[in-house]
Every structure is written in C-alpha cells, then in structure tokens.
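Everything on this sheet refers to the single structure shown next.
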Amino acid sequence: KDNILKVHNLKVSFQTYAGEVQAVRGVSFELNKGEVLAIVGESGCGKSVTAQSIMRLIPSPPSVIKEGSIRFNGTTEITTCTNHQMEAIRGSEIGMIFQDPMTSLNPTMTIGKQITEGIIKHKKVSVTEANRRAVDILTLVGISNPEGRMQQYPHEFSGGMRQRVMIAIALACSPKLLIADEPTTALDVTIQAQIIDLMKNLAEQTEASIILITHDLGVVAEMAQRVLVMYAGKVVEQGTVDELFYNPQHPYTWGLLRSIPRLDQPADSELVPIPGTPPDLFAPPPGCAFAARCPYAMKVCIETDPEHRSVSDSHSAACWLLHPDAPRVDRPIEAGG
Ligand code: SF4
Ligand code: MG
C-alpha cells in the first residue's frame with residue numbers, strides 16, 4: 001500500500017532544568033493514503049509530541065528529535081528539512097487542527113483574511129481567486145452565508161463554528177495530511193458530535209489522510225480505521241479499530257477499554273483512569289513501562305522491555321503475555337466489548 005507518512009524509531013526529548021525527559025521513545029508507524037489513524041493514550045503519553053514532531057512544532061522547553069526518521073509523501077525527510085522548507089509544508093501539505101481554536105485563531109483578523117492568507121501564500125493565486133476558494137471551503141465545513149461570515153472576527157463565532165473555521169483553514173490548501181489534536185475536547189457534547197460528523201464526511205470526500213489524536217474511544221470508533229495505543233512514550237499496541245476493540249492484546253489497552261461498557265453506546269466513552277501513574281520519563285524503567293500498574297506483571301516484565309509481536313498482519317502488541325512461553329491469562333474483555 002502507498003503510504004503518505006512513515007515514522008521510524010522516532011525519539012524526542014525535552015531538556016528541562018531537572019534533566020532530560022524522554023517524551024517519545026522509539027515510535028514507528030505508517031499512515032496509508034486516505035486513511036484515518038487514531039493515536040490514543042493518557043495525557044503525557046507522547047501522542048501530542050509525536051504529532052507536533054511531524055509538523056516540527058514541538059514546544060518549548062527546548063525539545064529535540066534525538067533519533068529516527070519522519071518520511072512524508074515518499075521523499076520528504078521532515079527531520080532534516082530547513083525551517084524554510086517546513087514553512088512551505090505547514091498549512092499547505094500538512095494541515096493541523098488544534099484543541100482550542102480561540103488560541104490558534106488571530107482575534108484581530110477577519111475569518112476571511114485568515115483563510116485566504118494561506119491560500120495566497122501557498123497557492124500563489126489572486127485575492128479574488130483566494131476569496132472564491134474560501135467561500136467554497138466555508139460552505140464545505142457547513143458555515144452558512146460564507147461571504148458575510150468572512151467579514152467577521154473570531155469572537156463573533158460560537159465555539160463549534162470556530163472549530164469549523166479552524167478545519168476550513170487546515171483544509172484551505174488541500175493538504176495531503178491533516179493532523180487533528182483533540183479536535184473536539186473543548187466543545188460540548190452535541191457540538192462534538194457535529195464536528196466528528198463533519199470530519200468524517202471530509203475524510204471521505206477529500207483525499208487527505210488524517211492523524212487523529214484523542215483520549216475519547218467513542219471518537220476513535222466513529223472515525224478511524226486504525227489505532228495506535230501509546231503509553232509512556234511508546235506504541236504498546238496497534239491494529240485496525242476492530243482488532244483493538246474486539247481482540248485487544250495489551251493490558252493497558254484492556255484498561256482503556258474498560259471505560260466503554262458497550263461499543264454501540266459511545267456516549268460515556270471518555271477514558272477512565274487506570275490505577276497508578278505512568279513512569280517517570282526522566283528515568284524510564286528498563287523493562288515494560290506499564291509493569292508498575294499491570295496486574296499481570298512477571299519478573300521478565302520488570303527486567304526486559306517486550307518487543308512488538310504480531311497478532312495479524314495489521315495487529316501487534318508489545319507485551320510479554322504474547323510470548324509463546326507466557327502463562328495464559330483470562331482476558332478481562334469479552335469479545336464484542
Ligand atoms: Fe503487563 Fe508484562 Fe505485558 Fe508489561 S509486558 S503489560 S507488565 S504483562
Ligand atoms: Mg495533548
């Protein structure tokens with residue numbers, strides 16, 4: 001299959017006054033063209049840092065990509081692009097939707113200006129043509145009276161409408177890849193559902209591949225084809241949505257899924273906390289990072305970090321329970337959730 005993105009052994013660290021935090025510790029995955037891939041995990045698991053690294057927007061305190069490769073669209077190596085090259089890629093080939101549109105929209109600039117700015121910069125078209133495209137894209141994201149709305153400022157839009165505008169900006173230059181980091185978290189439940197519907201339709205209509213970062217498994221079930229589960233800076237399980245929901249292999253995934261009583265009732269699907277806390281990423285443990293919280297932890301888990309083992313061509317997990325010599329345990333998740 002053609003991939004739009006190939007991340008290999010990505011390691012990202014933050015330098016802090018207290019030392020180096022290893023936020024992303026060897027993440028590898030591929031994103032196929034037209035695919036929606038969800039990355040799930042608790043806050044601090046490295047999912048946002050992974051996404052920001054793809055955009056080369058990793059935040060301060062000074063952070064650095066220590067190792068690994070981020071190959072975009074076959075030939076572009078993101079880790080070695082100049083800042084100038086990245087500016088051309090961001091907003092044009094890779095679009096990003098953030099959690100809180102209020103902080104990412106410019107309050108002093110009309111919505112029309114904010115949408116057309118990127119189109120004019122990246123597509124080198126006239127103002128008239130950019131305006132025409134902006135009207136089209138606002139219509140596409142479900143904003144009525146787009147000509148009138150373009151004259152307005154962000155504060156004149158509701159939270160849900162602002163998120164639609166953010167999506168319009170992200171899509172304005174027809175990016176090949178869209179990264180959405182908790183796109184609905186700041187919205188109330190009804191509006192969340194509308195935005196998810198919109199993103200789902202856009203994913204089907206446009207050819208953009210999407211990375212969806214979320215802690216909401218209901219959103220994953222609705223939108224994604226494949227899922228990466230991250231824990232303590234690593235991918236601990238990956239597979240298709242069906243594989244992850246119906247045949248999960250990693251005890252951390254079991255913990256996450258316990259918060260969804262039924263797949264057909266995604267309303268209360270926010271992750272419930274799993275007892276304990278993730279390890280200190282100043283000094284990650286030598287063995288499995290989940291061992292301190294895992295009811296199945298064995299001696300080997302504490303000593304040696306498990307490698308990924310394949311469950312199917314599309315499904316793998318990093319857990320010693322998948323070793324052929326491991327004791328069999330009762331899976332706490334019944335088939336069918
Ligand atoms: Fe639990 Fe061991 Fe699997 Fe880690 S490797 S999740 S500690 S059983
Ligand atoms: Mg985040």
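The values are calculated or read from the model by the stated rules, or taken from the named source; none is laboratory data. From a predicted model like this one, the values you see are computed outputs, not experimental measurements. Backbone-built Cβ (ideal geometry, glycine too); neighbour counts: all protein chains shown.
Which of the residues that make up segment 43-57 are within 12 Å of ligand 2 (Cβ to nearest atom) and assigned to a loop (DSSP other than H, G, I, E, B)?
43, 44, 45, 46
Look at segment 183-200 and say how many of its residues are part of a loop (DSSP other than H, G, I, E, B) and surrounded by 21 or more Cβ atoms within 10 Å (Cβ to Cβ).
Count: 3.
Of all the residues that make up segment 36-50, how many are surrounded by fewer than 20 Cβ atoms within 10 Å (Cβ to Cβ) and either at pLDDT 95 or above or not polar (S, T, N, Q) (or both)?
Counting residues in segment 36-50 that are surrounded by fewer than 20 Cβ atoms within 10 Å (Cβ to Cβ) and either at pLDDT 95 or above or not polar (S, T, N, Q) (or both) gives 2.
Give just the number: which of (1) part of a loop (DSSP other than H, G, I, E, B); (2) more than 16 Å from ligand 1 (Cβ to nearest atom) does residue 88 not satisfy?
Every condition holds for residue 88 apart from (1).
Run down 99, 151, 163 and say which single residue is touching a Ser or Thr at 6+ places or on another chain (Cβ under 7 Å) and at pLDDT below 95. Working first, answer last.
On the way: 151 fails: at pLDDT below 95; 163 fails: touching a Ser or Thr at 6+ places or on another chain (Cβ under 7 Å).
Criteria check complete, one pass: 99.
Would you pick out the residues in segment 128-175 that are small (Gly, Ala, Ser) and in a loop (DSSP other than H, G, I, E, B)?
Result: 142, 144, 158, 172, 174.
Listed residues 42, 30; which is of a type outside the set (Val, Ile, Thr) and within 16 Å of ligand 1 (Cβ to nearest atom)? Before you say what the answer is, go through the steps one by one.
On the way: 30 fails: within 16 Å of ligand 1 (Cβ to nearest atom).
Exactly one residue qualifies, and that residue is 42.
Within segment 140-171, restricting attention to residues that are in contact (Cβ under 8 Å) with a residue 60 or more places away in the chain and over 17 Å from the mean Cα position of the chain (by Cα), which residue is surrounded by the fewest Cβ atoms within 10 Å (Cβ to Cβ)? Give the derivation first.
So in segment 140-171, the residues in contact (Cβ under 8 Å) with a residue 60 or more places away in the chain come out as 140-141, 162-163, 165-167, 169-171.
Filter once more, so that each one left must be over 17 Å from the mean Cα position of the chain (by Cα): 140-141, 162, 165, 169.
Details: 140: 18, 141: 22, 162: 21, 165: 24, 169: 26.
Ranking the qualifying residues of segment 140-171, first place goes to 140.
For segment 73-91, how many residues are in contact with a Gly (Cβ under 9 Å, 6 or more places away or on another chain) and at pLDDT 90 or above?
The number of residues fulfilling the criteria is 1.
Go through the residues of segment 63-81 one by one and say whether even a single one is within 13 Å of ligand 2 (Cβ to nearest atom) and of a type in the set (Lys, Arg).
No, because not a single residue in segment 63-81 is within 13 Å of ligand 2 (Cβ to nearest atom) and of a type in the set (Lys, Arg).
May I ask you to verify whether residue 94 is modelled with pLDDT of 90 or more, touching a strand residue (DSSP E or B) at 6+ places or on another chain (Cβ under 6 Å) and under 14 Å from residue 177 (Cα atoms)? Steps first, please.
On the way: modelled with pLDDT of 90 or more: yes; touching a strand residue (DSSP E or B) at 6+ places or on another chain (Cβ under 6 Å): yes; under 14 Å from residue 177 (Cα atoms): yes.
Yes: the conditions hold for residue 94.
Which of the numbered conditions does residue 125 fail, given that it passes all the others? Conditions: (1) in a loop (DSSP other than H, G, I, E, B); (2) modelled with pLDDT under 90.
If we test residue 125 against (1) in a loop (DSSP other than H, G, I, E, B); (2) modelled with pLDDT under 90, just (2) comes out false.
Would you tally the residues in segment 167-199 being in contact with a helix residue (DSSP H, G or I) (Cβ under 6 Å, 6 or more places away or on another chain), within 16 Å of ligand 2 (Cβ to nearest atom) and under 22 Å from residue 57 (Cα atoms)?
3
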